[in-house]
Amino acid sequence: MTNFHIRYNGKTHVGLQRKVNEDSILMMPEQQIYAVSDGMGGHEGGDLASRTVVDAITMLPDGMDPATKMHAIREALQSAHRSIVAEGNARGTTIGATVVALVLADGHWLALWAGDSRLYRLRDGQIEMLTSDHSVVAELVKSGRMNWDEAELHPQSNQITRAVGVGDELELEKVHGELLSGDRYLICSDGLTKYATFDQLRRAMVGAPIETLTEKLIQMALDGGGADNISVIVIDVI
């Protein structure tokens with residue numbers, strides 16, 4: 001990293017109502033790659049899908065330059081997509097997983113994603129959602145008919161339109177930007193965001209020690225009902 005020190009912490013929790021955790025998280029500080037994947041397809045389906053996603057990224061070699069690394073992550077996710085599609089076809093069902101993969105390099109950040117797991121940034125006390133959900137209700141937000149907090153309460157809030165392992169082609173979206181000292185990034189599954197508004201996330205994240213913030217965010221979701229698996233990774237730029 002260029003002139004920055006990076007601190008990170010992550011945790012995943014099964015929640016209060018599920019028997020199996022279908023989420024997977026990945027933290028690779030040596031390569032500055034962090035990812036959350038939220039599986040779908042039920043027991044032995046969703047958990048397999050999310051593990052396939054993070055395992056594909058884990059297999060990347062060390063020492064790649066930033067451009068090569070991003071190309072490799074994209075190819076790894078495409079490979080995971082093909083594997084999950086084949087497994088779903090063999091089972092006669094559809095399984096899949098969301099993904100948000102964040103890479104830090106040379107004073108910049110870049111994220112690839114599909115689905116409704118999210119990347120947020122807290123900068124100068126203000127929170128911003130850097131990704132945009134691939135979901136039915138996201139179109140309502142983009143058209144100005146509701147905001148993201150309202151979208152979480154919509155009956156179709158869990159209907160996603162893109163996922164690794166679903167459909168013939170995997171369409172990944174990309175966003176990138178510059179790192180600044182003091183930035184705090186949050187990658188999370190919708191097990192958190194369905195219980196946390198933008199303002200609640202902002203208040204939780206401002207000034208909180210990174211050592212306890214992941215527990216704090218997971219507890220927020222549990223206090224809200226904890227009906228889904230909950231995964232969070234927090235990255236601080238110092």
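Computed quantities for the displayed model
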quantity: Sparse-neighbourhood loop sites, trypsin sites (Lys or Arg not before Pro) in region 194-238 - DSSP loop, at most 10 other Cβ within 10 angstrom; calculated: none
quantity: Separation in nanometres of the label points that stand 7 Å from Cα toward Cβ, at residue 11 and residue 147; calculated: 2.9 nm
quantity: Sparse-neighbour loop sites [chymotrypsin sites (Phe, Trp or Tyr not before Pro); region 1-38; at most 16 other C-beta within 10 Å; DSSP]; calculated: 4
quantity: Volume of the Cα convex hull of region 120-238, divided per residue and given in Å³; calculated: 123 Å³
quantity: Cβ-defined net charge surrounding residue 29, 13 Å radius [Lys, Arg +1; Asp, Glu -1]; calculated: -2
quantity: Length released on extending from residue 108 to residue 171, taking residue separation times 0.36 nm less the Cα-Cα span; calculated: 20.4 nm
quantity: Amide proton proximity set for residue 23, modelled H, under 5 Å, gap of 5+; calculated: 39
quantity: Alpha carbon convex hull of the chain, projected area averaged over orientations, nm²; calculated: 12.2 nm²
quantity: Distance violations [Cα-Cα > 26 Å] among 19/142; 11/194; 11/174; 19/216; 142/194; calculated: 19/142
quantity: For region 4-19, Karplus couplings with θ = phi - 60° (6.51, -1.76, 1.60), whole Hz, Gly/Pro x; calculated: 10, 10, 10, 10, 8, 7, x, 7, 10, 9, 5, x, 9, 10, 8, 8
quantity: Loop-resident sites, region 1-108, for trypsin sites (Lys or Arg not before Pro), counting at most 16 other Cβ within 10 Å (DSSP); calculated: 19
quantity: Expected 222 nm ellipticity per residue - DSSP helices of 4 or more, -39500 (n - 2.57), all of the chain, to 500; calculated: -10000 deg cm²/dmol
quantity: Length-normalised contact order of region 1-102 in % [C-alpha pairs under 8 Å, at least 6 apart]; calculated: 28 percent
quantity: Inter-part distance where region 45-124 and region 138-163 are each reduced to a Cα centre, Å; calculated: 23 Å
quantity: The chain: relative contact order as a whole-number percent, Cα under 8 Å and 6+ apart; calculated: 28 percent
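Read the figures in this text as sums done on the coordinates, not as results from a lab. As the structure is a computational prediction, the values presented were derived from the model and not from experiment. All Cβ positions, glycine included, derive from the backbone under ideal geometry; neighbour counts span all protein chains shown.
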